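See below for the structure under consideration.
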Amino acid sequence: MTTNLALWSLIFLSFSMAGAFGGGLYEHIVLTPLWSASPPSSFSIIQPGTGVPLQRFWIPVHAAITFFILVTLFLTWNDITVRRLLLIGLASYIVMRIWSGLFFIREMLAFQKIPLDSAPSTELSARVARWTYWTWFREPLDIISFVGSVLALYWFQGG
């Protein structure tokens with residue numbers, strides 16, 4: 001029974017990590033170019049009520065990752081290889097989440113509050129450019145977390 005739970009937990013963790021990686025790529029490739037094109041008028045794509053509801057995707061994905069990483073670590077703790085891979089993925093995930101919480105989420109929430117008819121400014125353009133530049137460096141952290149979970153699934157022996 002525990003082996004099945006561990007296996008399914010690893011599978012769901014891998015899918016959750018894949019969702020975070022894919023969601024990040026979608027944001028980078030599709031959404032970011034739209035909302036960063038001519039701030040603040042282009043912010044309509046990210047404003048509550050008029051834009052893409054980013055929180056409806058990201059909150060469940062990160063809740064799933066948090067739940068499954070903890071459950072999976074508990075269920076597979078005695079498997080040294082799996083534990084190491086999961087801890088590497090967890091460390092990368094924690095760095096990405098802290099960085100996101102301290103910078104990216106705060107800035108995004110601030111961007112969402114700027115009225116669309118506000119005058120463009122060089123300061124706002126610089127903030128948007130900084131956000132779009134540094135957000136690309138989160139993807140490698142997502143890749144490390146995702147690869148760690150997939151390798152843990154691959155190496156899982158089930159007892």
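The values are calculated or read from the model by the stated rules, or taken from the named source; none is laboratory data. If you're wondering where the values come from, they're calculated on a predicted model, not measured in any experiment. Cβ atoms come from the backbone with ideal geometry, glycine included; neighbour counts cover every protein chain shown. To get the accessible areas, we keep the full protein, side chains included, count just its heavy atoms, and leave off ligands, DNA and RNA. Shrake-Rupley method; radii C 1.70, N 1.55, O 1.52, S 1.80 Å.
Structure above, values below:
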item: Arg56 vs. criteria among the basic types (Lys, Arg) and within 11 Å of the chain's Cα centre (by Cα); result: no
item: Filtered residues of region 116-134 (kept if touching a Ser or Thr at 6+ places or on another chain (Cβ under 7 Å) and assigned to a helix (DSSP H, G or I)); result: Val128, Thr132
item: Where a residue in region 117-140 is of a type in the set (D, E, K, R) and its partner, wherever it lies, is open to solvent by less than 90 Å² (accessible area, probe 1.4 Å) and in a loop (DSSP other than H, G, I, E, B), with Cβ under 9 Å and at least six apart; result: Asp117/Pro40; Arg127/Pro39
item: Scan of region 102-137 for residues that are within 19 Å of the chain's Cα centre (by Cα) and open to solvent by 40 Å² or more (accessible area, probe 1.4 Å), ordered by number; result: Leu102, Phe103, Ile105, Arg106, Leu109, Arg130, Tyr133, Trp134, Trp136, Phe137
item: Region 1-20 - residue that is at pLDDT below 95 and not β-branched (Val, Ile, Thr) and, of those, most open to solvent (accessible area, probe 1.4 Å); result: Met1
item: Sole exception among (1) open to solvent by 20 Å² or more (accessible area, probe 1.4 Å); (2) farther than 19 Å from Leu86 by Cα; (3) touching a residue at least 40 places away in the same chain (Cβ under 8 Å); (4) of a type in the set (Val, Ile, Thr) for Thr32, by number; result: (1)
item: Residue in region 141-159 that is nearest to Leu85 (Cα to Cα), counting only those that are open to solvent by 40 Å² or more (accessible area, probe 1.4 Å) and modelled with pLDDT under 95; result: Gln157
item: Helices (runs of 4 or more DSSP H) lying entirely in region 1-92 (those with 3 or more residues that are of a type in the set (Val, Ile, Thr)); result: 2-26, 54-76
